[in-house]
Ligand SMILES: [Zn+2]
């Protein structure tokens, strides 16, 4: 932790974020209620909310003067949310409450190298941002692979065989906007916590199953990154001593048994070839005992991993995403195993539900990284990503 104190301008910047956070969780509210909740003086709240109203980030609802209700003006800014998946990049313009206004995407060509992916992304980002009628807060990228959030680098992108991709720096230089890059599932956890159904949750875990298996954890209302930014890599926790070799270099990782390719591989061994066009859809639609047993096994293995995470982090809410978990059979197996195998007191349960954002969870997650770092929960590290334009005059000196 850096030894950096809070001078007047930094204090003002943090208090401003506190007011926005208060409105995000509890709004609409009157100024006097914000003052009571934040324990800031009424004069301070009057000044801060006056600035936020001028910037347009906050709107005044019913009533006048001191009795007026204030709330987040969700369409005052847009965020470009980006999801770098294993084979595809998705982009969307997202508002301040997670609403998706416009989306697009392109395929990743592993042979063309990371430079081509970055330049395609810049072209598409410019095209999307030019469509927005309101200013942009920044660009948030959630990426698969091993991501270093502080530098914005994708340290390893195994799906294309790339290493050390300087995504954050390239985007920041070309787009001249604040850019936040982090692990995709961490963004999804942020989305559920900031603008999803669990916006009041101080502790939450997101589990995503796609080509990989990942999780993101919110502890005490904050995204948990760990010492090297690789916290909650649930897909690479050890489930057996040996087993197939994983891209991370280890053997016996959870991902090698419960990712979509792993489940499909086992299904083809047991059941024979699946539909070429959509093998997962084919498997999920089958009603025979062997197919259902295989899916239930995958759910139970994921449920054990969730139980371990629940015990480690003491979370009671788990949100899931990805197509495999769209199956009720798989989700029920996860839920019942997690509840049977967790360290719970009598009457306690682990609540598991699907994401509020459906298949848009990756892009909303990217946008949520910007909302988290630059708007609602700024902290000293946030300066590295740049500030939203509207807050530029509040930059600490
Ligand atoms: Zn691994």
Radius ratio Rg over Rh of region 114-220, counting only Cα atoms, Kirkwood formula for Rh
0.99
Give me the one-decimal Kirkwood hydrodynamic radius in Å for region 255-358, with the sum taken over alpha-carbon pairs.
14.3 Å
Using only the alpha carbon atoms of region 1-110, find the Kirkwood hydrodynamic radius as the inverse mean reciprocal pair distance, in angstroms to one decimal.
16.1 Å
For the chain, which semi-axes, largest first and in whole Å, follow from the square roots of 5 times the eigenvalues of its Cα gyration tensor?
38, 25, 19
Estimate the FRET efficiency between residue 127 and residue 164 by the formula 1/(1 + (r/R0)^6), using the beta-carbon distance for r and 25 Å for R0, to the nearest 0.05.
0.35
How many nm separate the modelled label positions at residue 222 and residue 155, each set 7 Å beyond the Cα in the direction of the Cβ?
2.0 nm
Between residue 248 and residue 33, the two model label points (7 Å from Cα along the beta-carbon direction) sit apart by a distance in nm of 4.4 nm
Hey, can you rank 237-246, 68-77, 312-321, 41-50 by average C-beta count inside 10 Å, highest first?
312-321, 68-77, 41-50, 237-246
Calculate the length of the line joining the C-alpha centroid of region 276-325 to that of region 334-370, in whole Å.
12 Å
Over the chain, what is the percentage of antiparallel beta bridges among all DSSP beta bridges, to the nearest 5?
65 percent
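Since every read-out is calculated from the coordinates, none of them should be taken as a lab result. Remember, it's a predicted structure, so these values are computed and weren't measured experimentally. Quick reminder, even Gly has a Cβ in these numbers, built from the backbone with ideal geometry, and neighbours come from all protein chains shown.
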